[in-house]
Each structure stands twice: as C-alpha cells, then as structure tokens.
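The values are calculated or read from the model by the stated rules, or taken from the named source; none is laboratory data. All values reported here derive from a predicted model rather than from experimental measurement. Note that we place each Cβ from the backbone using ideal geometry, even for glycine, and neighbour counts take in every protein chain shown. Note: areas computed on protein heavy atoms with side chains; ligands, DNA, RNA excluded. Shrake-Rupley method; radii C 1.70, N 1.55, O 1.52, S 1.80 Å.
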Amino acid sequence: MDFSHPPADPVPCARQWIDHACSSSGNPNPDAIYLSTVDPDGRPSIRTVLMKGFDEDGLVFFTNKRSRKGRALEVNPRAAILFHWDHLQRQLLVEGDVTHVDQKRDDEYFQSRGRDSQIGAVASLQSESMPNRGDLEARFHQVQQEFADGPVRRPAHWGGYRVSLGRLEFWEAGDHRLHDRICYERDENGGWTWRYMFP
Ligand SMILES: Cc1cc2nc3c(=O)[nH]c(=O)nc-3n(C[C@H](O)[C@H](O)[C@H](O)COP(=O)(O)O)c2cc1C
C-alpha cells in the first residue's frame, strides 16, 4: 500500500499484504484471523480461524456451522475480521456480509484435509458443552470405525463462509505513533471510496 498515493482498488493491495505475511518468516500462522460475529441479542463474540481464500469475491474460512459463530451468522450474516501481523507492524481489517461457500468447494476443502482432521471435524460437536475430554476421544474412535472402510463423509453442517469485502482498512505502524491508516468502503456502484483516518 502506497499510503501517499492510494490505489483506486484496494483488493490487490490487501492480497499483497496477505501474500507478503505468508511468505515472510517470523509468524507461524500468518493466515490466522480474528473473526467477530454478533448473536441475536446483539452480543459480540470473537475467535481465531484460518483464512482459506481471499479475492475480490471475499474472504473464505471453514468451520462447523452449528457452532456458536455459525448460529450467530445464521441470524446476523455479517462479520468483522482482523489480521494482525506483529512482525510486519501491520493490521488489516475486513468487514462485510456473509454467505455460504458452495458445496463443491466445501467438499474440495474437506477432502484436502488430512484424514484425522476430517475425523476430528466430524467428531467434534463444536461449541457444545463437553462433560469430559474422554467424550471427544470416544467420538473420534466411533467416527474412525464408522468410516473405516472408505472416505470420511463431510457432514452437511461443516463448510465454508465467505465474507464480502464491504470495508477494508489498512494500518501500518509509523514513527512516533504517527501510524498510517486508510479505510476503503464499497459504494453503491460496486466501486470504492477511500479516506484517511487519524490513527
Ligand atoms: C490458530 C487457530 C486456528 C483456528 N482455526 C479454526 C478454523 O479454521 N475453523 C474453526 O472452526 N475453528 C478454528 N479454531 C478454533 C476457534 O478459535 C474456536 O475455538 C472454534 O471455532 C469455536 O468457536 P465458537 O464457539 O466461537 O464458534 C482455531 C483456533 C486457533 C487458535
């Protein structure tokens, strides 16, 4: 991002920041994002997930759709996402509307995971109360046996969400706390407007 001459389209620049973070050393999980949702009572919640796609159509992550976040998104299909790359002194904020990824992509991604993570995804009743750890292990072994002879079937409630790029905010640390900060928002015609913000 050239903060003195901001580009008209911020998406290639966001992509560049993500690619740079992923190719640089110093952060073992550069694609980890903080995902914030709001439940039907207006209560926000946040957790880490892994970003599995980013382009002009939005940012993709995968999860159990019966989880707390999934239930919130069902009612309130909007999300705020934060990347923080401390080693690069950058943060990137993404906000937008949330939709389901198509099932073909859900299947492709599920199949790309190791067999044990597939089994783990089926076994975990994500976000439900668990009386003790043994329950998770027992469910894991049960699913292992269930699919012993073949591929692990993706549960219908496990898949991806896409967060549209409604707002993108770039932040980069500067000397004397005079940080650079620029916010892009989609206009009605699908273009972008941008403004600088006090840091
Ligand atoms: C580095 C990291 C990556 C994670 N990636 C995912 C992920 O891609 N999908 C997911 O469902 N949970 C992921 N988790 C677990 C979530 O943070 C969270 O505990 C889980 O999704 C349940 O959240 P919820 O109860 O708010 O729905 C990850 C946790 C960490 C620390």
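What the table shows:
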quantity: Criterion (among the hydrophobic types (A, V, I, L, M, F, W, C) and either open to solvent by 30 Å² or more (accessible area, probe 1.4 Å) or within 11 Å of the ligand (Cβ to nearest atom) (or both)) met by exactly one of ALA14, ALA21, ALA8; calculated: ALA8
quantity: Residues located in the stretch 1-33, provided they are out of contact with any strand residue (DSSP E or B) (no Cβ under 8 Å at 6 or more places or on another chain) and not in a loop (DSSP other than H, G, I, E, B); calculated: PRO12, GLN16, ASP19, HIS20, CYS22, SER23
quantity: One residue from ARG66, ARG90, ARG78 being at pLDDT 95 or above, closer than 21 Å to VAL11 by Cβ and open to solvent by 50 Å² or more (accessible area, probe 1.4 Å); calculated: ARG78
quantity: The stretch 24-33, residues that are more than 8 Å from the ligand (Cβ to nearest atom) and at pLDDT below 95; calculated: SER24, SER25, GLY26, ASN27, PRO28, PRO30, ASP31
quantity: Some residue of the stretch 40-49 being closer than 19 Å to ASN76 by Cβ and surrounded by 19 or more Cβ atoms within 10 Å (Cβ to Cβ); calculated: no
quantity: Evaluation of ALA80 against (1) without any contact (Cβ under 8 Å) to a residue 60 or more places away in the chain; (2) of a type in the set (A, V, I, L, M); (3) not in a strand (DSSP E or B) (one fails), failing number; calculated: (3)
quantity: Listing of strands (runs of 3 or more DSSP E) fully contained in the stretch 113-199 that carry 1 or more residues being open to solvent by 50 Å² or more (accessible area, probe 1.4 Å) and within 22 Å of SER67 (Cα to Cα); calculated: 158-163
quantity: Residue match in the stretch 58-72 (condition: under 21 Å from ILE182 (Cα atoms), within 16 Å of the ligand (Cβ to nearest atom) and in contact with a Lys or Arg (Cβ under 6 Å, 6 or more places away or on another chain)); calculated: yes
quantity: Only listed residue being part of a strand (DSSP E or B), within 12 Å of the ligand (Cβ to nearest atom) and closer than 22 Å to MET197 by Cβ, chosen from SER45, SER36; calculated: SER36
quantity: Residues within the stretch 93-102 that are of a type in the set (D, E, K, R) and open to solvent by 70 Å² or more (accessible area, probe 1.4 Å), tallied; calculated: 2
quantity: Filter result for SER164 (of a type in the set (Ser, Thr, Tyr) and more than 18 Å from VAL49 (Cα to Cα)); calculated: no
quantity: In the stretch 107-133, the residues that are of a type in the set (S, T, N, Q) and in contact (Cβ under 8 Å) with a residue 24 or more places away in the chain; calculated: GLN111, GLN118, SER124, GLN126, SER127
quantity: Residue within the stretch 171-179 that is in contact (Cβ under 8 Å) with a residue 24 or more places away in the chain and either touching a Pro at 6+ places or on another chain (Cβ under 8 Å) or at positive phi (or both) present; calculated: yes
quantity: Subset of the stretch 65-77 (residues that are in contact (Cβ under 8 Å) with a residue 60 or more places away in the chain and farther than 15 Å from ASP102 by Cα); calculated: ARG66, SER67, GLY70, LEU73
